[in-house]
Amino acid sequence: MNIDNGNVTAVGVAPPAPLHVGGPNIGNREAFLARVNDILDRRWLSNNGQYVQEFEKRIAEIAGVRNAIAMCNATVALEIAARALGFQGEVIVPSYTFIATAHALQWQGIKPVFADIDPRTHNICPSDVRKKITKHTTGIVGVHLWGRGCNAEELDTIAEHHGIDVMYDASHAFGCTRGGKAIGGFGKCEVFSFHATKFINSLEGGAVVTDSDELADKIRLMRNFGFKGHDNVVYPGINGKMNEVCAAMGITSLEAMKEIIAVNRVNYESYREGLTGVPGISLIDYDPLEKNNYQYVVIEVNPAVCPVSRDKIVACLQSKNVIARKYFWPGCHRMEPYRTLQPGIGEGLPCTKVVADRVVVLPTGQGISRDQISWICGLIREETGARTKA
Ligand code: T4K
């Protein structure tokens, strides 16, 4: 960053190629390719192969649960989990989440009833959940947004009171804890995503984790057409299986987990340092007493204080090949089919609107250097007219 005759100019390393939010971490390429060769040599490509089983074992260990069932992606995992729990009628979810959380319900004819969030944590607000329970409610899906654990204790209390179940979309929260307990062990079950854009990726992939052996058995059946052994179908299942190449990538990614988190953390701190003092811009916090994966660098742009709008900041970054994202604007309830099916619902979601209008997610992970982060912070300072420390 230079301050030249009063003009603030961003300096640093401009990217040779676009810097994306969600740019994948690759892990040890040779280790991955060796596994792929092994898969080809052994001619076992899918259907509960040895790499899938190994991946599941490691996921369960990290999540501190008895069972992990790997799936082709987290969306299908959410659908299977919701179905295995017998959700129907209405299920309460936050609107401020990736659209898959709501679609996984809607796709099965379940109505997602949108609850507001706590503007401080961005997670589902238990008191709003209470207000949205009706005689048709059969469950609650909490989302540990950005990897920060939901208020699981309150959600459990509500669910118990109404005789319904809670499950979690933990797509962002692999490797994180809440109150020192690994995310994975809350509610009846939790779902992780290992999509390419997640800090641990299996190219495409997801998993349901649970301590209940009974639920796990049911989910395993549902994942594989309902087959219980050869020639014996006992359930109307679907195909949610993970293939061996994805599992090989997942295992390779897990081997680099510590390293990736360390990089994410350094990146997060670099952004914090680079954006300190920019008026109206704040970085969301991760509780230092918890384990965090730091996979999302999330800033909030307060329109009452920041001299430029959130959208202008995003446009400026994107024009410079920094593909920052307005996740999860505008909220699920303002996307189809929900905005048509549930008109007026937004009136009950004021905090969702405030947060969705403020958030910008910035690129992180192994594909970005500290100099590039410093350059991005410089762009933001320049756009907002913020002076920099010498
Ligand atoms: N629940 C929650 C809370 C979630 O966040 C997600 C997924 C799910 C459920 C469902 O999980 P999966 O069924 O996908 O396992 C992306 C991801 O596709 C999605 O998995 C993720 N959340 C979401 C937060 O981000 P989009 O619509 O933003 O995708 P797209 O194509 O714009 O890619 C995102 C960025 O990543 C782009 O800037 C490009 C970059 N990218 C992407 C890929 C695939 C790369 O640089 N390399 C790549 O290989 O949803």
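The values are calculated or read from the model by the stated rules, or taken from the named source; none is laboratory data. Not measured: the values here are computed from a predicted model. Here the Cβ positions follow ideal geometry from the backbone for every residue, glycine too, while neighbour counts run over all protein chains shown. SASA here: full protein model, heavy atoms, side chains in, ligands and nucleic acids out. Shrake-Rupley method; radii C 1.70, N 1.55, O 1.52, S 1.80 Å.
Here are the numbers:
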| item | result |
| --- | --- |
| Residue, farthest from the chain's Cα centre (by Cα), within the range 154-204, restricted to residues that are acidic (Asp, Glu) and farther than 17 Å from residue 75 by Cβ | 160 |
| Hey, residue 184 more than 15 Å from residue 67 (Cα to Cα), open to solvent by less than 30 Å² (accessible area, probe 1.4 Å), within 16 Å of the ligand (Cβ to nearest atom) and not hydrophobic (A, V, I, L, M, F, W, C) or not | no |
| Of the criteria (1) assigned to a strand (DSSP E or B); (2) under 25 Å from residue 70 (Cα atoms); (3) of a type in the set (Val, Ile, Thr), which one residue 97 fails | (1) |
| Residue list for the range 9-67, filter: away from the ligand (no atom under 16 Å from the Cβ), assigned to a loop (DSSP other than H, G, I, E, B), at pLDDT 95 or above and not aromatic (Phe, Trp, Tyr) | 28, 43, 45, 46, 47, 48, 49, 64, 65, 66 |
| The range 70-86, subset more than 8 Å from the ligand (Cβ to nearest atom) and in contact with a helix residue (DSSP H, G or I) (Cβ under 7 Å, 6 or more places away or on another chain), residue most open to solvent (accessible area, probe 1.4 Å) | 83 |
| Unmet requirement for residue 177, which otherwise passes all of (1) closer than 23 Å to residue 332 by Cβ; (2) in contact (Cβ under 8 Å) with a residue 60 or more places away in the chain; (3) of a type in the set (S, T, N, Q) | (1) |
| Scan of the range 140-181 for residues that are on the phi > 0 side of the Ramachandran plot and either polar (S, T, N, Q) or within 16 Å of the ligand (Cβ to nearest atom) (or both), ordered by number | 146, 147, 175 |
| The one condition in (1) at pLDDT 95 or above; (2) open to solvent by 20 Å² or more (accessible area, probe 1.4 Å) that residue 235 fails to fulfil | (1) |
| Meets criteria (more than 20 Å from residue 173 (Cβ to Cβ), away from the ligand (no atom under 16 Å from the Cβ) and surrounded by fewer than 16 Cβ atoms within 10 Å (Cβ to Cβ)) for residue 349 | no |
| Residues of the range 242-275 satisfying the condition of being free of Cβ contacts under 8 Å to residues at least 40 places away in the same chain and either assigned to a strand (DSSP E or B) or touching a strand residue (DSSP E or B) at 6+ places or on another chain (Cβ under 6 Å) (or both) | 272 |
| Exclusive hit being closer than 22 Å to residue 103 by Cβ and open to solvent by less than 40 Å² (accessible area, probe 1.4 Å), set 332, 306 | 332 |
| Residues within the range 100-120 that are surrounded by 19 or more Cβ atoms within 10 Å (Cβ to Cβ) and in a loop (DSSP other than H, G, I, E, B), tallied | 2 |
| Any chance residue 121 is within 16 Å of the ligand (Cβ to nearest atom) and not basic (Lys, Arg) | yes |
| Unmet requirement for residue 205, which otherwise passes all of (1) surrounded by fewer than 24 Cβ atoms within 10 Å (Cβ to Cβ); (2) touching a strand residue (DSSP E or B) at 6+ places or on another chain (Cβ under 7 Å) | (1) |
| Verdict on residue 360 being among the aliphatic types (A, V, I, L, M), open to solvent by 50 Å² or more (accessible area, probe 1.4 Å) and touching a residue at least 60 places away in the same chain (Cβ under 8 Å) | no |
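Every residue, every condition in (1) crowded, with 17+ Cβ neighbours inside 10 Å; (2) of a type in the set (A, V, I, L, M, F, W, C); (3) within 16 Å of residue 295 (Cβ to Cβ), yes or no:
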{"position": "155", "(1), (2), (3)": "yes, yes, no"}
{"position": "171", "(1), (2), (3)": "yes, no, yes"}
{"position": "179", "(1), (2), (3)": "no, no, no"}
{"position": "188", "(1), (2), (3)": "yes, no, no"}
{"position": "200", "(1), (2), (3)": "yes, yes, yes"}
